[in-house]
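The values are calculated or read from the model by the stated rules, or taken from the named source; none is laboratory data. Please read these numbers as outputs of a predicted model, since none were measured by experiment. Every residue, glycine among them, receives a Cβ derived from its backbone with ideal geometry; neighbour counts consider all protein chains shown. SASA here: full protein model, heavy atoms, side chains in, ligands and nucleic acids out. Shrake-Rupley method; radii C 1.70, N 1.55, O 1.52, S 1.80 Å.
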Amino acid sequence: MILFDRVTKLYANQERPALDEVSLEIEKGEFVFLVGPSGSGKSTFLRLVLREERPTKGQVWVTGKELNQLSNWKIPALRRQIGTVFQDFRLLPNKTVAENVAFALEVIGKPASHIRKVVPEVLEVVGLEGKEERRPDELSGGEQQRVAIARAFVNRPILLIADEPTGNLDPGTSVGIMKLLDRINQLGTTVVMSTHDQAIVDQMRRRVIELEGGHVVRDQPRGVYGYAR
Amino acid sequence: MRVNFVASEVSSGIRRNLTMTMAVIITVAVSLGLFGASMLVRAQVSTMKDFWYDKVEVSIFLCGKGSDTPSCAGGPVTKAQRDQIKADLESLKPLVVSVYYESQAEAFARFQEQFKNSPIVDNVKPTALPESFRVKLSDPTKYDVVASAFAGRPGIEQVNDQRKILDKFFRLLGGLQLIALLIALSMLVVTVLLIVNTMRVAAFSRRRETSIMRLVGASNFYIQLPFLLEAAVAAGIGAILAVVGLVFVKIIVIDQVLAPSFQFTAFVGWDAVLAIAPLMILVGVGLAAIAAFFTLRKYLRV
């Protein structure tokens, strides 16, 4: 699903690379936590997967394609296979819940009949039935994140990227979001989630990749957030 | 392609950005209006050229009593000289289409007619006006052939080409047209800059939407299309306003004011307006689309 082969990313005007010769592989169907302090390279990793950045050196393979050789006009096709969720939800404030989810399908040219069918379905999956006509500012943080997840999942991506999805939520709400992501993972979508939330990582017992200073310092199949070092 | 979706994006974009859109419409209208006006002046010049070059003649004035040019040293033109000149002119066919002899009496009659409201008529005697040959050429630009053959010949006071007088006038009109065109071009540059800025503001005010569109894999075309259409619609409205202005100029200024006052010349017809209008619309919409396209490449990259 994702393969990094000695990937180095050096941003302009910076001396230390954000990622330094990182090699790792994530299999289809996995649920992976990406942990590490701020500035350790988590976000760069996710941006490389989304092809928002190109690596300075090395190769990034996503869904069987080497992203360096992917021409610009094929990037949208890549991103249609990847759902993305962020800490700050990124919903459109002037659209309702249903419209926000439908937007993701409209802009990739899906027919209206298809949209009418799948939007209620995905809203049910994320547990927002009955709130279709609400606007984001009428929802709690957890509910807003569910809308964002519905939007990311409505096109049934094979990979879901979550950048600190519980970073703005209280622990109780976070558990609900994690259950939802777990369910999406069980439906066959590979999930890569960066997080600082120790309790969640410890509880879920999934694969943990820890980055520090642009290096992979730990890669455990059923890890916890960190050793007491 | 979701036509409804794109259409609603465009209309909401225009409403959100109404003041800037208005500014684009007005600048496009003014600059294209100037552009169209300069084109119209050009069409007018060529209409007048067609009209006048058809009528211009080369005048060969013959020596009279008071003539003091060297070629008239032998006194007034003799009958032999006059007949010889006429025969030589006839031999220049087909360049010379027709030759008309105007006697002093005829010249005087024409003079009286031209200046009938002026006291100058009373002071001019028929003998003060020269007799002349009025020569019509098949190609008015070949005036030199006639001039070199006849200028300075005994009995000929002067060879005059009316085209020279007209050319001065046309050069003046051409200069005016060039100035109008230069102003129009600089206005078009201003228009492009304004559209670039408008698109930048629009891209900024919709950055949330576009960032989501990028993330969910909308194609570049789909992301940029609403912006392109917005610019094209604004420019199209401006261009239509400019065309309406041009039609207005044709009806009011040319047909109702100029044409009745200056009946001696021809004015541009509707065919010129019909030829210029599509050009204006094309230039306007094309400029807007090009400006928007390059702005979007800069501000809406994948």
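Some points to look at:
- Partner lysines for A:LYS28 [C-alpha distance under 28 Å; skip if fewer than 8 residues away on the same chain]: A:LYS9, A:LYS42, A:LYS57, A:LYS65, A:LYS74, A:LYS110, A:LYS117, A:LYS179
- In region B:151-200, trypsin sites (Lys or Arg not before Pro) in a DSSP loop with at most 15 other beta-carbon atoms within 10 Å: none
- Compared with the dominant principal axis of the Cα atoms in chain B, helix B:18-53 is inclined by about 20°.
- Accessible area (Å², per residue) of region B:1-128, counting only protein heavy atoms and a probe of 1.4 Å: 57 Å²
- Cα centroid separation, region A:74-98 to region B:73-138: 90 Å.
- Placing +1 on the Cβ of every Lys and Arg and -1 on the Cβ of every Asp and Glu, with no other charges, gives the protein assembly as shown a dipole of roughly 560 debye about its Cα centre.
- Cα gyration tensor category, rounded, prolate or oblate, for region B:54-160 with a/c compared to 1.5: oblate
- Fraction of accessible area attributable to carbon and sulfur, the protein assembly as shown (%, probe 1.4 Å): 58 percent
- More than 15 Å apart - percent of Cα-Cα pairs taken over region A:72-163: 56 percent
- Antiparallel bridges, percent of DSSP beta bridges restricted to chain A (to nearest 5): 50 percent
- Residues of region B:1-39 that bury at least 40 Å² of accessible area once all protein chains are present, compared with their chain alone (1.4 Å probe, heavy atoms only, ligands and nucleic acids left out), are B:ARG2, B:PHE5.
- Relative contact order, percent, region B:210-294 [alpha-carbon distance under 8 Å, six or more residues apart]: 48 percent
- Helix B:270-299 and the long axis of chain B differ in direction by around 40°, with both axes built from C-alpha atoms.
- Principal axis analysis of the Cα atoms in chain B yields extents of 99, 38, 28 Å, listed in decreasing size.
- Sites matching chymotrypsin sites (Phe, Trp or Tyr not before Pro) across region B:195-302 that sit in DSSP coil, with at most 10 neighbouring C-beta atoms within 10 Å: B:PHE262, B:PHE264
- Dipole size of region B:1-115 about its Cα centre, with +1 on Lys/Arg Cβ and -1 on Asp/Glu Cβ: approximately 640 debye, rounded to the nearest 20.
- Choice from B:ALA80, B:ALA232, B:ALA292 with maximal GNM fluctuation in chain B (Cα, 10 Å cutoff): B:ALA80
- Seen against the Cα atoms of chain B and their longest principal axis, helix B:220-248 is set at about 30 degrees.
- Of all the options A:PRO136, A:PRO157, A:PRO93, the one that moves most in a Gaussian network model of chain A with Cα springs shorter than 10 angstrom is A:PRO93.
- Whether region B:22-94 is rounded, prolate or oblate, judged on the alpha carbon gyration tensor where a/c under 1.5 counts as rounded: prolate
- Reachable lysines, given that their alpha-carbon falls under 30 Å from the alpha-carbon of B:LYS55 and they are not under 8 places away in the same chain: B:LYS65, B:LYS79, B:LYS86, B:LYS93, B:LYS116, B:LYS125, B:LYS136, B:LYS142, B:LYS164, B:LYS168, B:LYS250
- Rounded Å value of the spacing that divides the Cα centres of region A:101-143 and region B:30-50: 57 Å
- For region A:1-83: rounded, prolate or oblate by the Cα gyration tensor [a/c cutoff 1.5]: oblate
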